[in-house]
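The values are calculated or read from the model by the stated rules, or taken from the named source; none is laboratory data. No experiment lies behind these values; they were computed from the predicted model shown. No Cβ is skipped: glycine too gets one built from the backbone with ideal geometry, and neighbour counts run over all protein chains shown. Only protein heavy atoms, including side chains, enter the accessible area calculation; ligands, DNA and RNA are left aside. Shrake-Rupley method; radii C 1.70, N 1.55, O 1.52, S 1.80 Å.
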Amino acid sequence: MKTARRTGPGFTSPFLPTPSQTANIHRITRSGTLPPNPSSLQATASLAKTELGRYDTEIAKLQTELDRLVSERETLFSYAASCRSVLSARQRLPNEVLVSIFEFCFPHDRYKLGQQMSPEAEVCRISQYHLIQLGQVSFRWHQIAMGTPQLWSSITIDTSIWPRCGPSPQIFLQQVESSLMRSRNHALDLQADIVWRRDYGESVFQLLTKSAHRWKNVRIRSFLGPSVRSARTLGRLEKLETLELELGWKALESLETPRLKHFKFRGTFDALPASFPWNQLETCAYDCDDGWNPATLSVLRTANDSAVFTFRLNLYQEPNEQIMVSSNIRHISFEVNSTYHTDPVRELFDALTLPRLQVFEYRSPGVGVVVGSPTWSSDGFMALAHRSAFATHLIRVSIHARIADEELLGCLAALPCLEELSVFDTFGSEYLSYSSTVVTNQFLQGLLCVPGEAPLVPKLRMLAVTTVMDFTDSVYFYVVVSRIGKIREVDRSGVFDACIRRYPEQRKLTNKARKKLKSLADSGALLFNMVEVK
């Protein structure tokens with residue numbers, strides 16, 4: 001009787017063939033002959049079923065043991081990982097620090113209003129999916145992400161995308177309401193582009209205005225149909241600091257905002273709130289969609305002296321009415337679209353009296369290389385300068401207009417206190433039917449300080465030109481040297497600031513001129529910068 005062979009722990013059948021037995025049976029099988037001991041082979045074949053059953057029993061036992069070992073290993077591995085996690089620096093971070101980290105995870109660029117958003121991206125933006133992802137890391141992170149109001153206080157809505165998204169508008173409304181609820185009483189940073197539709201436009205606007213008492217930094221764009229006319233009175237908005245409105249209707253009747261400092265508006269004059277705190281603003285950008293409506297300027301009457309006001313105006317025709325506005329504002333900018341006619345520009349200048357103005361900027365609203373310049377009225381500006389006594393207080397001027405070099409020099413003659421001057425040539429191209437070159441030898445020579453003669457703008461300490469380089473390098477260098485000398489008559493360590501912004505494909509300064517200017521810069525007498533306009 002055979003006994004089981006063991007080569008270690010476990011079961012081994014006594015009928016398990018040896019290698020020689022296996023080779024012998026293969027040889028008989030290939031030869032096709034009868035085996036010499038058929039009875040022995042018959043007995044092995046009969047007993048194999050029992051022996052295979054014993055193997056199956058042993059395998060089942062071992063599988064159970066293997067499963068136990070695998071399970072225990074996984075338990076130990078998970079426990080060790082938890083121990084390491086408990087001891088890690090991340091685990092020791094206070095909740096406040098984690099909240100700050102979560103705030104850095106906010107995808108500002110992707111959630112910014114006006115971005116081209118796919119329907120999928122809009123779903124993520126409305127649901128604040130980045131917070132949902134953070135909440136899946138651990139139970140603690142979930143509690144922090146879902147339970148910290150400030151993390152839910154930045155909300156961006158663009159209803160123009162909603163019809164293209166899978167979920168219905170009502171689902172989006174619920175998600176916006178959920179964000180508002182989770183933000184609790186925290187101040188809100190809100191961006192909303194509301195396309196008016198009967199099924200959800202009114203609902204979105206109502207939902208947002210219900211939380212108006214929590215607005216802090218708000219941007220709303222809404223162009224509504226003629227059936228919607230009622231403006232809302234929101235009461236006192238204690239937290240509002242920055243407001244940007246682009247409106248095709250009068251959405252807000254009045255605003256009481258004791259902390260409002262920055263305001264941007266695009267729309268018609270009639271769409272402005274009837275009551276508005278113009279006197280407390282620090283910055284205001286007003287993009288007028290009326291055409292040339294002089295009433296736009298009336299907001300300056302109560303403006304804060306230290307505020308910076310920027311008006312974007314379309315001066316394509318003379319106004320239907322003329323008003324006179326006097327303001328003590330110190331910084332004003334005009335971004336002007338105009339035709340070749342100077343009358344509307346003259347009307348603009350005639351409407352203003354600015355007795356304390358220090359900074360005057362006049363340019364096109366466009367940016368980049370191919371930008372047309374608006375028309376200019378020298379007579380209007382000179383009258384404004386005389387009426388407002390610019391000779392005593394205007395210190396910075398920037399002009400990008402269709403103006404001749406002689407005209408500009410004539411205007412500068414009325415500004416003896418001017419310290420900073422920025423002048424732009426208009427760059428002609430296939431997109432523009434005209435060019436205007438003001439930075440010429442004649443213009444630069446007009447700025448030259450000649451010993452024994454009273455110079456134009458004697459206090460000038462900064463000259464920035466954006467130019468087609470239609471001047472001689474030596475003339476430019478002499479102007480710079482003369483201005484350094486003029487400054488150092490008063491202050492031996494004084495520095496003149498010069499900048500050349502060169503339009504593309506225009507000539508550069510010669511090496512000789514650059515070396516001379518660099519020498520002045522190395523001596524500490526000059527701050528010089530030359531760049532190419534992009």
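With the whole protein complex present, GLU202 retains an accessible surface near 60 Å², based on a 1.4 Å probe. Using a probe radius of 1.4 angstrom, the carbon and sulfur fraction of the accessible surface of segment 14-78 is 64%. Of the chymotrypsin sites (Phe, Trp or Tyr not before Pro) in segment 291-398, the ones in a loop by DSSP (not H, G, I, E or B) with at most 13 other beta carbons within 10 Å are TYR316, TYR340. Pairs from the table (LYS210/LYS264; LYS486/LYS516; LYS112/LYS261; LYS250/LYS534; LYS216/LYS534; LYS210/LYS261) lying more than 27 angstrom apart at Cα are LYS250/LYS534; LYS216/LYS534. The largest accessible area among MET462, MET382 belongs to the first residue in MET382, MET462, and the rest follow in falling order (1.4 Å probe, all chains). Per atom type, segment 411-534 shows carbon and sulfur on 52% of its accessible surface, probed at 1.4 Å.
For segment 310-349, the relative contact order comes to 60 percent (Cα pairs under 8 Å, sequence separation of at least 6).
Relative contact order for the chain: 5 percent, from Cα pairs under 8 Å spaced at least 6 residues apart, divided by residue count.
Cβ-Cβ distance of GLN42 and SER20, R₀ of 30 Å, FRET efficiency by 1/(1 + (r/R0)^6): the value works out to about 0.95. For segment 162-272, the share of accessible area belonging to carbon and sulfur comes to 46 percent (1.4 Å probe, ligands and nucleic acids excluded). For segment 379-480, just say rounded, prolate or oblate: build the C-alpha gyration tensor, square-root its eigenvalues into a ≥ b ≥ c, call rounded for a/c under 1.5, and beyond that prolate if a/b exceeds b/c, oblate if not. Here segment 379-480 falls in the oblate category.
Counting only protein heavy atoms and a 1.4 Å probe, the chain has 53 square angstrom of accessible area per residue. To the nearest 10, the accessible area of ASP270 is 120 Å² with a 1.4 Å probe. Once all protein chains are placed together, ASP290 keeps about 60 Å² accessible to a 1.4 angstrom probe. Of all DSSP bridge pairs formed entirely within segment 420-534, close to 10 percent run antiparallel.
In units of the rule-of-thumb radius 2.2 N^0.38 Å, segment 445-534 shows an alpha carbon radius of gyration of 1.08.
Measuring r between the beta carbons of GLU96 and GLU58 and using R0 = 51 Å, the FRET efficiency lands at 0.30.
Let a ≥ b ≥ c be the square roots of the eigenvalues of the Cα gyration tensor of segment 166-304; is it rounded (a/c under 1.5), or, if not, prolate (a/b larger than b/c) or oblate? Verdict is oblate for segment 166-304. Stretched out straight at 0.36 nm per residue, the stretch from ARG184 to GLU256 would grow longer than its current Cα-Cα span by 23.7 nm. Dividing the C-alpha radius of gyration of segment 76-171 by 2.2 N^0.38 Å, with N its residue count, gives 1.35.
Per residue, the chain reaches -11000 deg cm²/dmol at 222 nm when only DSSP H runs of four or more residues are counted, each adding -39500 (n - 2.57).
Computed with the Debye formula from one identical point scatterer per Cα of the chain, without solvent, the log10 of I(q)/I(0) at q = 0.10 Å⁻¹ comes to -1.00. Rounded to the nearest 20 debye, the dipole magnitude of segment 436-534 is 280 debye, with +1 charges on Lys and Arg beta carbons, -1 on Asp and Glu beta carbons, and the Cα centre as origin.
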